[in-house]
Amino acid sequence: MVFDLEISEKGNLSIGGADATEIVQEYGTPLYVIDENKVRENYRRVYEAFSKHYDDFQIFYACKANTNLSVLRILEQEGSGIDAVSPGEIYTSLLTGFDPQRILYTGNNVKDEEMEFAIESGVRLNVDSVSQLKRLAKIVHPKGFKISFRINPMVGAGHHEHCITGGEMSKFGIMEKEAVEVYKLAKELGFDPVGIHTHIGSGILDPEPFKLAVTTLMDIAGDIAKNAGVKFEFIDFGGGLGIPYTPEEDILDIETFAKEITDLFKEKLAQYNLGKPTMCIEPGRYIVGDASYLLAKVNTVKQSYRKFVGVDAGFNTLLRPAMYGSYHHIVVANKPQAEAVEEIDVAGNVCESGDLFARDRPLPEIEEGDIIAIMNAGAYAFSMASQYNSRPRTAEVLVKDGETDLIREKESIADVLNKQILPARLLK
Ligand code: LLP
């Protein structure tokens, strides 16, 4: 796909109607800039695509992609629910106004204390293992307590090995072949199992594995309904909907995708007599991925054995290129339409050779003082940031119709030291 760029009156990159170079003058670099309208548009596009084919439809936004309070408020206003994976994500979602019954807690390797927190919060629990089920039975009075299970349907997909969450190498979920027995066990323990869930991986642009997972999960649900006497209130196919990061990748055709998935879903509901449960999906990246840029300033242009453009952000700020070898498209914010003239490396400021945002990337002539804009930095960007190299984490700005708001202050060096304790004996 060709990335559409918004251009300001001055010929610079514009984000949500605001000139990127002016945003930088006001807030500095490195900086995440989130376009509110894009988040809303993405949410509405996916919601409408599915709900027009099946009206009892719910999105659980996978907030691990971006847990900024403002992003969560926006999605709460849009009517989203939440896929939460930790007490922190539950807490943050409750704080931003989500109804606990619209929060599905899908932990893995969950501690008893974490389950207690989830129960006290009143959120729904999606159970990942038999161990968790048995421990839950000791924590809560199971009689009538509603739960669901995450199933590994032996189908997996994703943009990188680390992001495939179905199949025999995956640590997630209940084995497909064990599913009926586990639902029976849940009922024997007194629980009311009302839901079934899967999530096969992340960054999926090919609809085929997702469709296969839907078919498989529905067959499993049919089996459970028949043999364990379960009546499903909801069926959740997880997230994973991909976005194009490279200009060569095509966009996921959400209209066709939604129609195919809902057709399969309805066909299987009828085949197994499953009634009319709520259909759920859990997109994270699709909703926030392309809604944010990471802006960084070029401070060094260095001709070594290769040519490096050095910027004031690193993999502490955006980990995906270093962790998964992910491509993130880069434009020069103060000359977004300039032609590429050479292939260069864009390097961060972390003391590791793997700290590169791009290798051999065709880019225009870049000078010190230029601002680079790293695209598709809305998902798994700030949320995976660290303080490595004792660098404070960056600020975040929200833009709507040309107006900017600071939604997270830049940390200070004191914040990096926060919570450390120097024992008195070392002060001698
Ligand atoms: N539901 C569950 C249970 C998940 O574990 C995930 C993602 C999602 C939904 C949302 O997936 P999405 O729609 O965003 O693909 N850090 C990686 C992605 C890890 C995803 C983990 N789970 C990356 O930067 O690509």
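Readers should treat all values here as calculations from the given coordinates under stated rules, not as data from a laboratory. Every value quoted in this text rests on a predicted model; they were computed, and no experiment measured them. Cβ atoms come from the backbone with ideal geometry, glycine included; neighbour counts cover every protein chain shown.
Scaling the Cα radius of gyration of segment 36-285 by the globular reference 2.2 N^0.38 Å produces a ratio of 0.95. Ordering Phe60, Asn42, Ala395 by the projection of their Cα atoms onto the charge dipole of the chain, which places +1 on the Cβ of Lys and Arg and -1 on the Cβ of Asp and Glu, puts Phe60 at the extreme positive end. Take each peptide in 11-23, 301-313, count the other Cβ atoms within 10 Å of every residue, and average; sorted highest first, the result is 11-23, 301-313. Using C-alpha pairs below 8 Å separated by at least 6 residues, the relative contact order for segment 28-183 is 14 percent. If a helix is a whole DSSP H run, which ones in the chain reach 24 Å or further along their own axis (Cα) and hold a mean Kyte-Doolittle hydropathy of at least 0.0? Span-like helices in the chain: 207-228. Largest GNM mean-square fluctuation among Asn42, Asn273, Asn126, using the chain with Cα springs under 10 Å: Asn273. What pairs in Lys171/Lys231; Lys111/Lys143; Lys38/Lys297; Lys307/Lys400; Lys143/Lys177 have C-alpha atoms more than 29 Å from each other? Result: Lys307/Lys400 exceed 29 Å. The share of Cα pairs per 10 Å bin across the chain, counted from zero up to the longest distance, runs 4, 21, 29, 23, 15, 7, 1, 0 percent. Take 406-412, 60-66 and order them by the average number of nearby Cβ atoms within 10 Å per residue, most first; the result is 60-66, 406-412.
For segment 185-225, backbone nitrogen atoms closer than 19 Å to the point 7 Å from His141 Cα along Cα-to-C-beta are found at 187-193. Set the Förster distance to 35 Å, then compute FRET efficiency between Asp99 and Thr256 from the Cβ-Cβ distance, nearest 0.05. Step by step, r from the Cβ atoms, then E = 0.65. Each residue, Leu417 and Asn273, gets one label point 7 Å from its Cα in the Cβ direction; the gap between the two is 7.0 nm. Averaged over residues, the count of other Cβ atoms within 10 Å places the peptides 225-235, 280-290 in the sequence 280-290, 225-235, highest first.
The length gained by stretching the chain between Ile119 and Thr300 to full extension, at 0.36 nm per residue less their Cα-Cα distance, is 60.0 nm. Under the simplified labelling scheme, the Glu342-Leu406 pair shows an inter-label distance of 3.7 nm, with each label point 7 Å from Cα along Cα→Cβ.
In debye, nearest 20, what is the charge dipole magnitude of the chain about its Cα centre with +1 on Lys and Arg Cβ and -1 on Asp and Glu Cβ, if you could check?
On the way: 45 positive and 65 negative charges, 366 e Å.
In total the dipole reaches around 1760 debye.
Dividing the mean sequence gap of close Cα pairs (under 8 Å, 6+ apart) by how many residues segment 340-428 holds gives a relative contact order of 18 percent.
May I ask you to derive the relative contact order of segment 1-41, considering only C-alpha pairs under 8 Å and at least 6 residues apart, and to give it as an integer percent? List each step's numbers first, then the result.
Working: 28 pairs, mean separation 10.7, N = 41.
Contact order relative to length: 26 percent.
Here each label is just a point 7 Å from Cα along the line to Cβ, and for Asp263 and Lys134 those points are 4.5 nm apart.
In this structure the amide hydrogen of Glu249, modeled in the peptide plane, comes within under 5 Å of no amide hydrogen from residues 5 or more places off or on another chain. Distance from the Cα centroid of segment 162-230 to that of segment 4-51 is 37 Å (rounded to whole angstrom).
Considering only Val71, Val24, Val39, the mean-square fluctuation computed in a Gaussian network model of the chain, springs between alpha carbons under 10 angstrom, is largest for Val24.
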